[in-house]
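Peer 1: Structure provided below as structure tokens; questions to follow.
The values are calculated or read from the model by the stated rules, or taken from the named source; none is laboratory data. Every value quoted in this text rests on a predicted model; they were computed, and no experiment measured them. When we count neighbours, we look across all protein chains shown, and the Cβ atoms used for this are built from the backbone with ideal geometry, even at glycine. We work out accessible area using only protein heavy atoms, side chains counted, and drop any ligands, DNA or RNA first. Shrake-Rupley method; radii C 1.70, N 1.55, O 1.52, S 1.80 Å.
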Amino acid sequence: MSIIRKDLGPRPPARLKSKLSVVRPGKAVADLRLELRSGGEFSIFSEAPDDLEPSIDRLANQAIEANPFQSAAFIMTALGRNDAHQRLALIEDTASEAGSLAALMGFAVTDRGSHMVAATADGGYHAPLIARHRPMATIDQLFEALAGSLANLPGIIAFPALLADGAFMRSARAVAAARGLAFRVAGAFRGRALSGRIEPTGALSQGERDAWQDNLGKWETLRKKGRVTYHVARNPREISETLEDLSLLCDTPENANRFSAFVPVARLLSEQDRLRIHTLYLGELLIAAAIQPVHLGAAWVWKVLVRPDMEELAVDEQLMMRLTEFNLGDANIAVTRVAPGTGPFLAERFWPGEDGYASLLVALRPGMERALDSVAASYEEKSA
């Protein structure tokens, strides 16, 4: 199946982006826009397409797998960072109402150009958004467009740390198999999930029980220093106030840069009731915080920040226990997970559920099996 250039024929000029920018000054313009022969329109952006923000959030609410990290709040901020080298791939369903998106995938090309990585947020969960209407056909279109010569992208794409039983992993594997594309599943690991009553301490090994007893002693030491209080910020006013305190935890330039990038994300998410910031205070001093996006009943513990002078007192574990108790009583949260790359925390061992995770790597063009094996091996090493 071929991919046909919609507006400029099969051989686009070298300076395509700058020419289109003249036509639409002041707005983000697609680096590439293609009409798929099987229907729909494929585009790639390296700047935030502000006019598509409502469509992105609409797709986030209708996707086969809920993912708060692929919402407009995260996407727009990631594309706005000069150092991120992020791009955004979209498929628009031109047969339906205007502005209806069928697929959204944030991605970047690795430094050596060996493959694409389908990831957007700094950490988080990276399953692309695929509309519930004809999801297999949409993923097929996405693979076809990314593989086309006009896209000029590497022939291998990696989807890191997906839920092994998640809707996107199942669908993408089925599409790759149906198209005869080589694919590998690599870097498998397990993660806890909170979706019911927490387990008693019997779920812990003897070593973990000893560590837990040690934590209890540390918390008693902490309480002797002053009154410890727990708060959850969720509305825009509370989030704004907590962000001011959070800035004091960012003690290095790297953390400060990440925090400044998160501020606009937090404000946008709080306006939609898609964010909780769990905090511990010692007196009036913020000593720990957990940033937790929430969407369609799924909560992800994304970042846990602790004052450097409080790290030895296990305040992160105490905060996670408070978060556990709070989320069990939150009617808007059906399941809580810790985002891949965050943790692990001993407090998670009390959570009754468990999920499998793995990275999916797909060779989008034939004859790339050896290169695919090499990339898959690197993902195995990361998880080891």
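Peer 1: Looking only at residues that are buried (at least 16 other Cβ atoms within 10 Å of the Cβ) and in contact with a Phe, Trp or Tyr (Cβ under 7 Å, 6 or more places away or on another chain) in region 247-272, which one is modelled with the highest pLDDT?
Peer 2: Here the answer is Val265.
Peer 1: For Arg132, are the conditions met, namely being open to solvent by 60 Å² or more (accessible area, probe 1.4 Å), under 24 Å from Glu92 (Cα atoms) and not hydroxyl-bearing (Ser, Thr, Tyr)?
Peer 2: yes
Peer 1: Something else about it: Against the conditions (1) open to solvent by less than 50 Å² (accessible area, probe 1.4 Å); (2) touching a residue at least 60 places away in the same chain (Cβ under 8 Å); (3) in a helix (DSSP H, G or I), where does Lys218 fall short? Just the number, please.
Peer 2: (1)
Peer 1: Out of the residues in region 38-86 meeting the condition of being assigned to a loop (DSSP other than H, G, I, E, B) and open to solvent by less than 20 Å² (accessible area, probe 1.4 Å), tell me which one is modelled with the lowest pLDDT.
Peer 2: Step by step, filter region 38-86, then rank; the result is Pro49.
Peer 1: If you don't mind, there's one more thing I want to ask. Among the residues in region 138-155, are any of a type in the set (Asp, Glu) and farther than 16 Å from Gly187 by Cα? So that I can check it myself, show each step before the final result.
Peer 2: Step one: filter region 138-155 for residues of a type in the set (Asp, Glu), giving 140, 144.
Okay, now just the ones that are also farther than 16 Å from Gly187 by Cα, so 140, 144.
Yes, there is a match, as at least one residue in region 138-155 is of a type in the set (Asp, Glu) and farther than 16 Å from Gly187 by Cα.
Peer 1: Working only within region 102-121, note down all residues that are farther than 13 Å from Leu146 by Cα and not β-branched (Val, Ile, Thr).
Peer 2: Ala102, Asp111, Arg112, Gly113, Ser114, Ala119, Ala121
Peer 1: Hey, another quick one. Hey, any hits in region 283-292 for a residue that's of a type in the set (Asp, Glu), part of a helix (DSSP H, G or I) and open to solvent by 40 Å² or more (accessible area, probe 1.4 Å)? Explain how you work it out, then say what you get.
Peer 2: Narrowing region 283-292 to residues of a type in the set (Asp, Glu): 284.
Those left that are additionally part of a helix (DSSP H, G or I): none.
No: zero hits.
Peer 1: Assess whether Ala188 counts as being under 30 Å from Leu364 (Cα atoms) and not polar (S, T, N, Q).
Peer 2: Criteria met by Ala188.
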